[in-house]
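Below is one structure; the comments refer to it alone.
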Amino acid sequence: MAKTANLGFPRIGKNRELKKALEAYWAGRADLASLQETAKQLRADHWTLQRDLGIDHIPSNDFSYYDQVLDTTCMVGAVPSRFQFAGGQVDPDTYFAMARGNADAAAMEMTKWFDTNYHYIVPEFEDNQQFAPASSKAVDQFTEARELGILTRPVLLGPVSYLLLGKMKTPDAEPLDLLDRLLPVYGEVIQQLEAAGAEWIQIDEPALVLDLDEQAAQAFAKAYAHIAEVRQNLKLCLATYFGGLGNNLDWAMKLPFDAIHLDGVRGAGQLEKAVAALPENALLSLGLVNGRNIWKTDLGAALETIEKTVAATGTDRLILAPSCSLMHSPVDVAGEEKLDPTVRERLAFATQKLEEIAVLAKATNEGRDAVNAELEANQALFARLNDSSQVRNPAVRQRLQSVSDEMFRRKSPYPQRQAAQRAELNLPSLPTTTIGSFPQTPEIRKSRAGFRKGSISEAEYTQAMQSEIQTVVRFQEEVGLDVLVHGEPERNDMVEYFGQLLEGFAFTQNGWVQSYGSRCVKPPIIYGDVQRPEPMTVEWSTYAQSLTDKPMKGMLTGPITILQWSFVREDQPRRDTAYQIALSILDEVKDLEAAGIGVIQIDEPALREGLPLQQSERPEYLDWAVKAFRLATSGVEDRTQIHTHMCYSDFNEIIEAIAGLDADVISIEASRSDIELLDAFVDYEYPNEIGPGVYDIHSPRVPSVEEMVDLLRQMIDVLSIDQLWVNPDCGLKTRQWPEVKASLENMVAAAQQLRSELAKQ
Ligand SMILES: [Zn+2]
């Protein structure tokens with residue numbers, strides 16, 4: 001009999017109960033006991049739900065108050081010394097201080113979990129780092145489920161992935177050097193779980209899908225030999241996800257496990273090879289239901305894969321599971337009454353995904369006839385999709401087909417464009433600008449909410465926004481900035497705003513996914529062909545331009561960022577969806593240009609995060625991602641200046657792609673980790689203009705004129721003065737007006753001081 005498993009259930013709750021409880025606790029509105037009560041109830045509900053859906057291997061220890069990597073840091077007692085942890089069990093104050101900082105110690109760093117939009121707390125390893133058990137959470141939650149009569153499969157983040165996700169404080173040391181010290185703690189926890197009655201344990205090693213070197217391969221061999229030694233009858237499911245095993249397949253398949261979980265969605269191409277390499281007697285946990293998306297599974301296609309696999313393994317050695325933990329998917333489609341029924345019927349959130357797994361298991365064990373009705377309904381759904389005019393818009397397809405090579409290239413090479421833009425814009429050297437957004441005050445949010453709910457009229461709303469734009473424009477003129485922005489008061493979010501104005505997008509009421517800690521996001525759903533029915537930003541930008549003689553920068557979000565921060569349809573390549581969005585942005589760019597907007601910024605903060613985890617898949621992605629941006633921006637005259645903005649700092653890997661965007665000006669985050677971030681641009685001899693952020697907007701601190709002059713001098717040393725812009729490192733929407741005013745005044749003063757110094761030379 002094939003079994004079923006889940007790798008992890010979303011912990012936030014269907015109505016974001018955990019978020020609300022956490023925020024009440026942090027604000028002092030609720031005590032610890034009430035937070036713990038909510039958490040316990042969520043765990044009980046989720047275990048019971050999974051049992052009722054017929055899942056055999058139900059995870060425990062997948063719950064976390066903040067983050068599963070932080071929980072692992074607690075489990076192994078790797079609390080950084082600045083938190084003054086005295087030993088014993090990590091208490092809630094220390095735990096939340098590590099996540100969020102406190103009066104005495106800065107929070108630990110946070111970064112993206114592989115290529116998802118979830119962020120984890122980065123482990124910090126100090127000089128002479130020691131480990132000791134400091135959290136009994138894994139055992140406690142196993143016992144808690146057992147008391148409810150549910151035998152769970154506890155989940156641990158594996159020791160090698162845990163170390164690889166961390167950072168050494170000591171230069172030249174590597175986290176994997178710490179493996180020998182770490183393993184005894186894992187050994188102890190695993191033995192405790194076995195003693196508490198666990199029959200299976202799931203150890204997640206997502207690092208197995210990365211490109212790994214020999215040292216990492218040896219670390220895996222050593223770690224799993226140790227784990228094999230400490231467990232008696234406890235069975236191990238080694239879970240990999242977010243890709244195939246790539247070049248690690250041969251040695252990974254020889255690690256001592258009782259079952260291995262493979263991502264059959266993202267690693268589909270390697271499945272056959274992996275099945276052939278499966279050790280005799282080992283079980284295969286096959287993830288064919290996509291845990292990273294919100295669409296129903298094509299059950300017929302999944303069953304074909306299962307039947308092929310069963311031919312090699314038999315049903316007894318098969319476990320059916322989602323591709324990865326379901327924490328990357330919303331909880332339940334039930335309750336999404338406001339969605340168009342033809343979109344809604346295509347959706348499967350975590351709960352529905354587990355139902356699909358149960359159907360697949362029944363078909364595998366009892367034959368397809370046993371689930372005939374489900375299969376027929378599923379097949380009919382996919383057939384409808386193929387000839388739905390809502391999904392396939394002939395005009396959009398026709399247009400995509402007729403995209404020609406010239407549409408990916410600006411009319412002239414950069415030097416000619418630069419000359420045309422200088423004549424047109426007449427800017428001083430070291431031109432000053434901002435990244436786009438200005439503080440989003442409570443009044444702005446109130447107007448937007450009022451308009452959405454219908455409590456204020458469109459005319460009142462427009463007037464409120466225009467008045468805000470006036471304030472922002474007047475402010476920038478007073479401060480003396482050179483290229484102005486309208487401040488984006490009308491935008492809730494840089495992707496949602498455009499999604500709501502484009503065809504092919506849908507929005508859920510409750511499709512929340514955890515981003516980090518208590519923060520949840522509700523990504524738009526791209527369900528059909530994308531096109532722009534009418535201009536989206538032209539009215540706001542031209543209104544703002546009418547208030548000033550200085551150039552007004554039009555502000556758009558790029559096609560890759562819109563794609564990356566949405567749930568994307570799976571019935572066509574991501575590239576095609578990106579190009580459809582690019583053509584819609586192109587329409588907007590052309591309309592802005594025609595309306596007299598001479599500077600247009602198209603932000604692509606997510607270009608880097610779309611990068612596939614495995615090196616071999618990167619060139620193809622970068623090729624179409626760069627082309628999508630060029631398609632969106634190439635249709636303008638030489639005199640129109642195209643800007644782009646990116647907020648991450650890891651430029652080295654993709655510097656060629658960034659240059660390939662061929663934006664006239666790029667603004668980047670550089671102030672936080674100093675000037676070294678510019679190395680990539682310097683080494684590459686970045687040809688166009690560039691504005692490395694001269695101050696960090698993530699902090700309320702106001703930088704001094706001298707500080708920014710000093711930073712600009714360093715930049716002038718390595719970049720040419722003709723290519724340098726002066727700007728903050730990101731948008732200002734999360735900041736308060738007083739600090740924005742002081743910081744921008746100092747920034748403009750710094751630019752002016754350098755200009756006059758340079759004029760004297
Ligand atoms: Zn930014």
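The values are calculated or read from the model by the stated rules, or taken from the named source; none is laboratory data. Just so we're clear, the structure is a prediction, and the values are computed from it rather than from any experiment. Every residue, glycine among them, receives a Cβ derived from its backbone with ideal geometry; neighbour counts consider all protein chains shown.
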Query raised in the report: Failed condition for VAL485, given (1) over 15 Å from TRP540 (Cα atoms); (2) of a type in the set (A, V, I, L, M); (3) within 16 Å of the ligand (Cβ to nearest atom), with all others met?
Result: (1)
Requested in this report: Please work out if LEU425 is touching a strand residue (DSSP E or B) at 6+ places or on another chain (Cβ under 6 Å) and surrounded by 13 or more Cβ atoms within 10 Å (Cβ to Cβ).
Outcome: no
Query raised in the report: Counting only residues that are surrounded by fewer than 18 Cβ atoms within 10 Å (Cβ to Cβ) and in contact (Cβ under 8 Å) with a residue 60 or more places away in the chain, how many does the stretch 21-52 have?
Result: 7
Report task. May I ask you to verify whether MET646 is within 24 Å of ALA419 (Cα to Cα) and modelled with pLDDT of 85 or more? Result -> no
Query raised in the report: Can you pull out the residues in the stretch 129-142 that are surrounded by 15 or more Cβ atoms within 10 Å (Cβ to Cβ) and part of a helix (DSSP H, G or I)?
Result: LYS137, ALA138, VAL139, GLN141, PHE142
Report summary line: Contact list, first residue from the stretch 644-655 and within 20 Å of THR633 (Cα to Cα), second anywhere and acidic (Asp, Glu) and within 11 Å of the ligand (Cβ to nearest atom), beta-carbon distance below 7 Å, six or more apart or interchain, is THR644/ASP603; THR644/GLU604; HIS645/ASP603; MET646/GLU604; CYS647/GLU669
Report summary line: Wholly inside the stretch 390-470, helices (runs of 4 or more DSSP H) that include 1 or more residues that are in contact with a helix residue (DSSP H, G or I) (Cβ under 9 Å, 6 or more places away or on another chain) and polar (S, T, N, Q) are 414-425, 442-453
Query raised in the report: Looking only at residues in the stretch 708-761 that are of a type in the set (Lys, Arg) and without any contact (Cβ under 8 Å) to a residue 60 or more places away in the chain, which one is farthest from the ligand (Cβ to nearest atom)?
Result: LYS760
Query raised in the report: Checking ILE55 against (1) assigned to a loop (DSSP other than H, G, I, E, B); (2) surrounded by 21 or more Cβ atoms within 10 Å (Cβ to Cβ); (3) in contact with a Pro (Cβ under 7 Å, 6 or more places away or on another chain), which test does it fail?
Result: (3)
Query raised in the report: In the stretch 92-113, how many are exposed (fewer than 14 other Cβ atoms within 10 Å of the Cβ) and within 16 Å of GLN36 (Cα to Cα)?
Result: 2
Query raised in the report: Restricting the stretch 620-641 to residues that are buried (at least 21 other Cβ atoms within 10 Å of the Cβ) and more than 23 Å from VAL530 (Cα to Cα), which is farthest from the ligand (Cβ to nearest atom)?
Result: THR640
Requested in this report: Filter the stretch 361-375 down to the residues that are of a type in the set (A, V, I, L, M, F, W, C) and farther than 17 Å from ILE319 by Cα, then identify the one that is surrounded by the fewest Cβ atoms within 10 Å (Cβ to Cβ).
Outcome: ALA373
Requested in this report: Return the total of residues in the stretch 720-761 being in contact with a Gly (Cβ under 6 Å, 6 or more places away or on another chain) and acidic (Asp, Glu).
Outcome: 1
**Report entry** Pick from the stretch 587-609, criterion more than 16 Å from the ligand (Cβ to nearest atom) and in contact (Cβ under 8 Å) with a residue 60 or more places away in the chain, ranking: nearest to the chain's Cα centre (by Cα)
**Finding:** VAL599
Query raised in the report: Does the stretch 655-699 hold any residues that are within 16 Å of the ligand (Cβ to nearest atom), at pLDDT 85 or above and among the hydrophobic types (A, V, I, L, M, F, W, C), and which are they?
Result: ILE658, LEU661, ALA663, VAL665, ILE666, ILE668, ILE690, VAL694, ILE697
Query raised in the report: Do any residues in the stretch 420-433 that are over 17 Å from GLU757 (Cα atoms) have Cβ atoms under 6 Å from those of residues that are surrounded by fewer than 17 Cβ atoms within 10 Å (Cβ to Cβ), where the two are at least six apart or on different chains, and which pairs are they?
Result: ALA420/ARG639; GLN421/ARG639; GLU424/ARG639
Requested in this report: Out of the residues in the stretch 727-761 that are out of contact with any helix residue (DSSP H, G or I) (no Cβ under 6 Å at 6 or more places or on another chain) and of a type in the set (D, E, K, R), state the one that is farthest from VAL705 (Cα to Cα).
Outcome: LYS733
Query - Boolean, ALA78 is among the aliphatic types (A, V, I, L, M), part of a loop (DSSP other than H, G, I, E, B) and without any contact (Cβ under 8 Å) to a residue 24 or more places away in the chain - result: no
Query raised in the report: Quick one: GLN564 ticks every box in (1) more than 16 Å from the ligand (Cβ to nearest atom); (2) closer than 24 Å to ARG392 by Cα; (3) not charged (D, E, K, R) bar one, so which box is it?
Result: (1)
Query raised in the report: Mind checking which residues of the stretch 700-715 are part of a loop (DSSP other than H, G, I, E, B) and modelled with pLDDT under 90?
Result: PRO700, ARG701
**Report entry** Test result for ALA395, within 32 Å of the chain's Cα centre (by Cα), modelled with pLDDT of 95 or more and either surrounded by fewer than 14 Cβ atoms within 10 Å (Cβ to Cβ) or within 18 Å of VAL636 (Cβ to Cβ) (or both)
**Finding:** yes
